[in-house]
Each structure stands twice: as structure tokens, then as C-alpha cells.
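Student: Next up is a structure, given as C-alpha cells.
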Amino acid sequence: MKSQCDVVVIGAGAGGLASALRLAKNGKKVCVYEAMEGPGGKIGTSIFEGVEFDTGPSLLTMREHVEELFDYCGTTMEAELELVEHEPGFRYLWTDGAKFDVYPDVERTRQDVRESFGSKALDEFDAFLSYSKDIWEAALPNFVEGEAPSFGSILKLGVTKLKEVSRIDPFRSMLQGIERHISEPHLRDVMMRYATYNGSNALSAPATLNCIAWVELGLGGYGIRGGMSALPLALERVGKRLGVEFYYGHRVESIVVDSKRGVEGVKVRTPQGDTDVVRATKVVVNADVAHLKQSLLGEDVHHGMGEDLTPSMSGWTAILKARAREDRASHTVLFPERYRDEFEDIFERNRPPKTPTIYMCDQSKAHGREGWDDGTVPVFVMANAPCEPREERTQTDEYWSRYREVVTQRMREFQLMKEGEEIVWERTPTQLATQFPGSRGAIYGAASNTQTAAFKRPANRVKSIKGLYLASGSAHPGGGVPLCLLSGKVAAESALSDR
């Protein structure tokens with residue numbers, strides 16, 4: 001193991017990889033220490049009977065930011081990855097028999113809106129998409145790209161810029177913004193679901209998050225040939241070409257901080273059980289901020305990062321070994337009769353939904369994943385759930401076993417899971433919390449359930465500790481693969497600009 005680096009990156013998730021590559025491109029000696037056996041973090045994989053499948057994210061959005069990262073590093077996305085378009089992309093189903101398909105081409109999606117719900121619904125869809133696009137164009141430069149926003153930074157924008165920022169619709173909830181534009185109940189469900197891309201509550205999160213609809217419907221969502229895990233593998237490959245050193249199976253136990261000089265290095269536990277102190281004047285943390293505060297920093301270290309924010313929702317996830325079906329879309333969503341009950345169950349009653357929404361991704365269609373010799377294919381299944389109450393008070397296996405039965409029974413009822421098909425892998429929110437310390441099983445870091453949430457996320461530079469930077473879904477600008485890549489970008493730029 002090397003004992004001296006310019007920068008240590010803790011964690012090889014999307015944010016850590018993005019930071020490592022950018023720092024190495026600028027001539028820094030970068031060492032990445034990852035507790036798991038390979039890159040990706042929550043972009044994980046597992047294997048059953050010789051077949052590999054993804055266990056995390058299922059869709060790539062904001063592709064231009066992925067392209068920008070590869071371009072910055074001297075290569076191209078096309079040279080490193082093959083994206084897959086879905087025909088159709090998403091198929092939404094309801095208990096009353098309604099069906100709606102989303103396509104890569106927004107014109108085909110519009111046609112399906114008209115065929116499924118009528119001309120008035122199409123007018124409403126168009127109006128909402130225009131509204132969503134306006135929010136995105138105003139939010140992107142001021143709240144997503146660049147350093148974390150503050151009330152002060154927004155006030156300094158000037159009158160013209162402030163008028164532009166007002167387009168983000170911050171004083172309504174997501175649901176209120178949806179109801180203003182859409183009366184068709186099925187379309188309302190589709191637009192409400194975009195809150196879950198951020199792990200937030202559509203009933204209370206600011207209408208600003210309605211921009212997510214434009215990100216997917218307008219800008220497009222993609223699969224990656226070979227699975228979502230091909231992205232971190234490609235970033236690792238590029239990183240190695242740039243000289244990044246990766247150490248897997250190495251758990252960082254603490255960050256060494258001097259009260260006056262700031263960061264001095266990290267204490268690492270090797271796979272053999274030995275410990276080593278790796279010297280570095282800068283450390284990028286690609287881990288949950290709560291884990292940083294609770295474990296990586298000593299109790300006597302003043303970090304100034306404030307209290308932990310409300311965690312995002314979690315999810316019960318599984319792989320269904322299912323027969324290949326021509327009529328199965330790449331992504332399928334089955335809504336309950338009353339969708340808002342799900343948000344109330346998770347965020348107000350702190351329990352799994354009584355009638356959960358079922359999300360399924362056929363990885364053979366979405367990502368070209370290989371199946372088993374008997375003709376079955378891996379289908380990722382997810383049902384939203386609350387995060388763990390606290391790290392020290394986790395739920396029991398029996399608790400999640402009951403939820404598993406609710407989910408699988410609902411799948412069988414609507415012929416999404418048929419006789420002879422079986423769950424061959426699963427992960428509960430409790431297990432997710434154990435695998436990613438400090439997360440409490442939250443998939444997307446902190447939830448955005450208040451108007452001030454964007455101003456409360458930890459910034460990418462920890463001002464009270466010289467040389468410490470954050471690059472993860474629990475820091476600015478938030479959770480999800482593309483936002484984690486942006487988090488890594490801002491962390492790297494901050495580290496490069498600091499002497």
C-alpha cells in the first residue's frame with residue numbers, strides 16, 4: 001500500500017470516481033480506498049447460478065453530464081459505453097385496466113397519451129412538460145451545477161436572475177404543481193412518481209422537483225449495454241489510464257485531522273486486517289455524510305456540517321428469475337388504486353405501503369443482460385419503503401418478510417409474476433443500511449421534502465476542515481447517478497482551487 005498521496009478518495013461510487021478522474025487529469029496523485037471488492041457503490045451487482053445482474057439503479061438520465069466527464073478525461077462516452085434506447089421505455093399500469101407507454105421519442109409518447117387518455121389529457125401533458133422544462137432550465141445553473149446554493153448566493157444574483165429563478169415554482173408542493181396543470185388522474189400518478197427519483201414526498205416536496213419529468217420525458221432515459229455497472233467499470237478503466245490507484249477491500253476507519261493544519265491523511269484497514277496511515281493533505285469523501293460525522297471524524301473534531309437531514313425513502317429490492325416475454329416492457333410500473341396513500345404511509349406513518357407501487361426492470365431488454373440457459377431472464381423488482389428508524393434500532397427479518405409477501409402477491413395478482421418464477425436475490429432496507437453505514441437504508445441521501453431542502457444539503461467543501469471535500473448523494477446536489485457525478489465534479493474543482 002502507498003503511504004503518500006496528493007488526494008485520498010474514500011469510496012468508489014459514482015461521486016468518488018468522478019472526483020478521482022478529474023483530480024488525476026489535473027496531475028494529482030489520487031488513491032481510492034473502497035471497502036467493497038470493486039467500483040460502483042450503490043451501482044451494484046450480484047450473481048445467481050452464473051448470471052450477473054444489477055442490484056441498484058436501472059436507468060441513466062442526464063447523459064450530457066456523463067459525456068462531459070469522459071470528454072474532460074480525454075476520451076468519449078461512445079468509446080467507453082454503449083447506450084440502449086427502450087421501445088417502449090416505460091409501461092405504466094393501473095388496477096382499473098388503464099395502460100400508458102413512454103417512448104424515447106416524445107412525439108410517440110404524446111400519441112400514446114392521446115390514445116390512452118384523450119385529447120384534453122394531451123393538452124395537459126404538453127402544458128406540464130413545458131412547465132417542467134422551464135423549471136429545469138432555471139434550476140440547472142442555480143441549484144444543480146456549480147457550488148451549493150445559499151440564501152445569500154441567490155440574493156446576489158440580481159433582479160433579472162431572481163426573476164429567472166422564480167420559475168422554479170418553489171412555494172407549491174409537487175402535487176399542487178401537478179394538479180394546477182393536469183386533471184387526468186392517471187397522468188397525475190405518473191408525474192407524482194418522479195418524486196421517488198429523489199426519494200422524496202410528492203405531497204410536501206417543492207414543485208421544483210417537477211423538473212424531473214422533463215429530465216426523463218424530454219431529455220431521455222437510457223440503458224447501458226451490459227448493465228448499469230458498466231458505467232463505474234468504464235470510469236475505473238479511464239481512471240487507471242490517468243494513473244488513479246484503486247485499493248479494494250480497504251476500509252477507511254478514520255480521517256486524520258489536525259486542528260490547525262486540517263486534513264493529514266486517513267487510517268485504513270487492509271484486507272489482511274492490518275492498519276496503515278496514508279498521508280494526504282486532501283480527502284474526498286464518497287460516503288454518507290452521517291457516516292463521516294459519526295465514524296470517520298473524531299468526536300473532538302468540529303465539522304460544522306449541522307444536524308442530519310431527513311433521509312430519503314428506501315426500498316425493498318429483488319431479482320425475479322422470470323420467463324422472457326415479448327409483451328414485457330423494459331421498465332414496468334404498476335400503480336395502486338390511490339397512489340398518494342403510498343407517500344403518506346412512508347413519510348407520515350413510517351411504514352411500508354399497504355398497497356405498494358411495483359417497479360420492474362427487465363434487464364435483458366433494458367441493458368442487454370444475459371439470462372439463464374433455461375430461457376429465464378433477470379428482472380429487477382423494487383417496492384418503496386421507509387428508511388430504517390435509526391442505525392441502532394433496525395427492523396427484523398420477519399418485518400421485511402411480510403412486505404415481501406405483500407409485493408409478490410400483488411405481482412401474481414396482476415400476472416407480473418407467474419407460476420414457476422421465483423425471487424433469487426433480495427435486499428431489504430435493513431440490509432442496505434448495514435452495507436452503507438450512516439445511510440439508514442436511504443437510497444438517495446436526504447429527502448427534499450421542504451422548500452429549504454436545497455439550501456440545507458452539505459456543501460462539497462467542508463469549510464471548517466481544511467482539505468476535506470464531499471462527493472456523494474447525501475451532499476450537494478443530491479442523490480441519483482448523474483447528480484452524484486456532478487457532486488464529484490464540484491468536489492474536485494473545489495479541491496483543485498484550494499491551495
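Student: How many residues does region 452-468 hold that are in contact (Cβ under 8 Å) with a residue 24 or more places away in the chain and either hydroxyl-bearing (Ser, Thr, Tyr) or outside the structural domain of residue 479 (by TED's automatic domain parsing) (or both)?
Tutor: Number satisfying all stated conditions: 1.
Residues checked against (1) in contact with a Lys or Arg (Cβ under 7 Å, 6 or more places away or on another chain); (2) in a loop (DSSP other than H, G, I, E, B); (3) more than 15 Å from residue 22 (Cβ to Cβ); (4) at pLDDT 95 or above:
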residue: 434; (1), (2), (3), (4): no, no, yes, no
residue: 439; (1), (2), (3), (4): no, yes, yes, no
residue: 454; (1), (2), (3), (4): no, no, yes, no
residue: 459; (1), (2), (3), (4): no, yes, yes, no
residue: 469; (1), (2), (3), (4): yes, no, no, yes
residue: 473; (1), (2), (3), (4): no, yes, yes, no
residue: 484; (1), (2), (3), (4): no, no, no, yes
residue: 490; (1), (2), (3), (4): no, no, no, yes
residue: 493; (1), (2), (3), (4): no, no, no, yes
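Student: Which of the residues spanning region 74-102 are surrounded by fewer than 13 Cβ atoms within 10 Å (Cβ to Cβ), closer than 27 Å to residue 243 by Cβ and not β-branched (Val, Ile, Thr)?
Tutor: Scanning region 74-102 gives 74, 78, 79.
Student: For region 244-261, give me each residue that is of a type outside the set (Gly, Ala, Ser), assigned to a strand (DSSP E or B) and farther than 14 Å from residue 38 by Cβ.
Tutor: 245, 251, 252, 253, 255, 256, 257, 258
Student: Also, quick follow-up: Return only the number of the condition from (1) in contact with a strand residue (DSSP E or B) (Cβ under 9 Å, 6 or more places away or on another chain); (2) surrounded by fewer than 19 Cβ atoms within 10 Å (Cβ to Cβ); (3) on the phi < 0 side of the Ramachandran plot that residue 348 does not satisfy.
Tutor: (1)
Student: Of the numbered conditions (1) surrounded by 21 or more Cβ atoms within 10 Å (Cβ to Cβ); (2) under 25 Å from residue 435 (Cβ atoms), residue 45 satisfies every one except a single condition; which is it?
Tutor: Here residue 45 clears every test but (1).
Student: Can you tell me which condition residue 189 does not meet? The list is (1) assigned by TED's automatic domain parsing to the domain that holds residue 461; (2) crowded, with 22+ Cβ neighbours inside 10 Å, and all the others hold.
Tutor: Condition not satisfied by residue 189: (1).
Student: Does region 364-412 hold any residues that are outside any loop (DSSP other than H, G, I, E, B) and of a type in the set (Asp, Glu), and which are they?
Tutor: Once the filter is applied, which keeps residues that are outside any loop (DSSP other than H, G, I, E, B) and of a type in the set (Asp, Glu), region 364-412 yields 397, 398, 405.
Student: Residues in region 37-49 that are more than 16 Å from the chain's Cα centre (by Cα) and either within 13 Å of residue 226 (Cα to Cα) or in contact (Cβ under 8 Å) with a residue 60 or more places away in the chain (or both): how many?
Tutor: 5
Student: So, of the residues in region 1-36 that are part of a loop (DSSP other than H, G, I, E, B) and under 23 Å from the mean Cα position of the chain (by Cα), which turns out to be surrounded by the fewest Cβ atoms within 10 Å (Cβ to Cβ)?
Tutor: In this case the residue turns out to be 36.
Student: Another question about this same structure. Among the numbered criteria (1) without any contact (Cβ under 8 Å) to a residue 24 or more places away in the chain; (2) closer than 29 Å to residue 463 by Cα; (3) not basic (Lys, Arg), which single criterion is violated by residue 271?
Tutor: (2)
Here is a yes/no grid of residues against (1) of a type in the set (A, V, I, L, M); (2) surrounded by fewer than 18 Cβ atoms within 10 Å (Cβ to Cβ); (3) at pLDDT below 95; (4) in the same structural domain as residue 469 (by TED's automatic domain parsing):
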site	(1), (2), (3), (4)
148	yes, no, yes, no
158	no, yes, yes, no
162	yes, yes, yes, no
168	yes, no, yes, no
177	no, no, no, no
185	no, yes, no, no
201	no, no, no, no
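Student: Same structure again: Just to check your reading of the model, which residue among 58, 46 is within 27 Å of residue 85 (Cβ to Cβ), among the small types (Gly, Ala, Ser) and not in a loop (DSSP other than H, G, I, E, B)?
Tutor: Exactly one of 58, 46 is within 27 Å of residue 85 (Cβ to Cβ), among the small types (Gly, Ala, Ser) and not in a loop (DSSP other than H, G, I, E, B), namely 46.
Student: Okay, moving on. Determine if region 459-475 includes at least one residue that is closer than 26 Å to residue 378 by Cβ, in contact with a helix residue (DSSP H, G or I) (Cβ under 8 Å, 6 or more places away or on another chain), buried (at least 24 other Cβ atoms within 10 Å of the Cβ) and of a type in the set (A, V, I, L, M, F, W, C).
Tutor: Taking every residue of region 459-475 in turn, none turns out to be closer than 26 Å to residue 378 by Cβ, in contact with a helix residue (DSSP H, G or I) (Cβ under 8 Å, 6 or more places away or on another chain), buried (at least 24 other Cβ atoms within 10 Å of the Cβ) and of a type in the set (A, V, I, L, M, F, W, C).
Student: Is it the case, given these coordinates, that residue 129 is in a helix (DSSP H, G or I), assigned by TED's automatic domain parsing to the domain that holds residue 190 and either under 23 Å from the mean Cα position of the chain (by Cα) or surrounded by fewer than 14 Cβ atoms within 10 Å (Cβ to Cβ) (or both)?
Tutor: Yes, satisfied.
The values are calculated or read from the model by the stated rules, or taken from the named source; none is laboratory data. Model, not experiment: these values are computed from the prediction. Neighbour counts are summed over all protein chains in view; Cβ atoms, including those assigned to glycine, are modelled from backbone coordinates with ideal geometry.
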